[in-house]
Amino acid sequence: MKLTMERKKSLSSSVLKPAPPKASPRLRRLLLKSLLSRVYEHIKAPLLTLVSSGSPEQSYAVLSHLHLLVMRAPYVFSSDYKHFYCQYNEPSYVKRLKLEMLTAVTSESNSYEIVTELCEYAANVDIPIARESIRAVGKITLLQYDVNAIVDRLLQFLEMEKDYVLVKDLLRKYPQWSHDCIAVVGNISSKNLQEPKAKAALIWMLGEYYQDMQDAPYVLESLVENWDEEHSAEDID
């Protein structure tokens, strides 16, 4: 008994203290996020440098790694968005990856600059890239950033007769823009529409805002003339 008492006295006070409570799941997630952010900040500079140097194949390999990081922590790269601007001589597969990354890193502070850049790509001779650029603008706008600041850019697509599917989606979410779009929609020639989805979007706009468009019946008439030859949008997909 005496030996037991002496042993207890010799124990460190830290040993006798109760174990600290386990961190909550939310705290662990915050700590992990903070740790990963520091890691990403440490490795992003050399990766961004490699993107702008070397062959397209090397750039694509580095971009593929950056793409994974951007999708996991876009806020870390929001101030580096210009590194993801497309160059005219880059292959389509590099541009396509950059478009995804530009969309991901968009924030309240850089949305106008990114949308302005994407609108430049809408006139690209590479039609698939032009379409992807327009869709990227739509995705950014639907994220409820400062939409009013980029409305003029979006209306350019109507004037260029580029993407009516995008405009339809935006009008459904922001009907207050209808007055600005109606004048342009009324000047659209249905003969220039090739894709079923674009024609379906135009028909929706004509039906939704027919009361403000005197020529709506005539535009619909031109679409109905070749109705039997049309393919459904689902068939195209």
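The values are calculated or read from the model by the stated rules, or taken from the named source; none is laboratory data. Small disclaimer: the values here were computed from a predicted structure and weren't measured. In this analysis, Cβ positions are derived from the backbone assuming ideal geometry, glycine residues included, and neighbour counts consider all displayed protein chains. For accessibility, only protein heavy atoms count, side chains too; no ligands or nucleic acids. Shrake-Rupley method; radii C 1.70, N 1.55, O 1.52, S 1.80 Å.
Residues in the stretch 121-147 that are touching a residue at least 12 places away in the same chain (Cβ under 8 Å) and open to solvent by 30 Å² or more (accessible area, probe 1.4 Å): 11 in all.
Condition check: modelled with pLDDT under 85 and aromatic (F, W, Y). Does Y88 satisfy that? Criteria not met by Y88.
Which of the residues that make up the stretch 85-115 are of a type in the set (D, E, K, R) and either part of a helix (DSSP H, G or I) or under 12 Å from I140 (Cα atoms) (or both)? Even if it seems obvious, please write down each step before you answer.
Here is the first cut: in the stretch 85-115, the residues of a type in the set (D, E, K, R) are 90, 95-96, 98, 100, 108, 113.
Of everything in the stretch 85-115, those that are of a type in the set (D, E, K, R) and either part of a helix (DSSP H, G or I) or under 12 Å from I140 (Cα atoms) (or both) turn out to be K95, R96, K98, E100, E108, E113.
Of all residues in the stretch 167-203, those satisfying the criterion of being of a type in the set (S, T, Y) and modelled with pLDDT of 65 or more are Y174, S178.
Condition check ((1) part of a helix (DSSP H, G or I); (2) under 18 Å from Y88 (Cβ atoms); (3) at pLDDT 75 or above) across all residues:
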site: E117; (1), (2), (3): yes, yes, yes
site: I129; (1), (2), (3): yes, yes, yes
site: A136; (1), (2), (3): yes, yes, yes
site: Y145; (1), (2), (3): no, no, no
site: I150; (1), (2), (3): yes, no, no
site: L155; (1), (2), (3): yes, no, no
site: E161; (1), (2), (3): no, no, no
site: V165; (1), (2), (3): yes, no, no
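Exactly one of (1) farther than 16 Å from S37 by Cβ; (2) open to solvent by less than 40 Å² (accessible area, probe 1.4 Å); (3) under 11 Å from the mean Cα position of the chain (by Cα) is unmet by E100. Its number? Just one mismatch for E100, condition (2). Taking the stretch 41-97 as the range and being open to solvent by less than 60 Å² (accessible area, probe 1.4 Å) and charged (D, E, K, R) as the test, the residues that pass are K44, D80, E90, K95.
The listed residues are T106, T116, and the only one of them that is within 21 Å of the chain's Cα centre (by Cα) and open to solvent by less than 30 Å² (accessible area, probe 1.4 Å) turns out to be T106.
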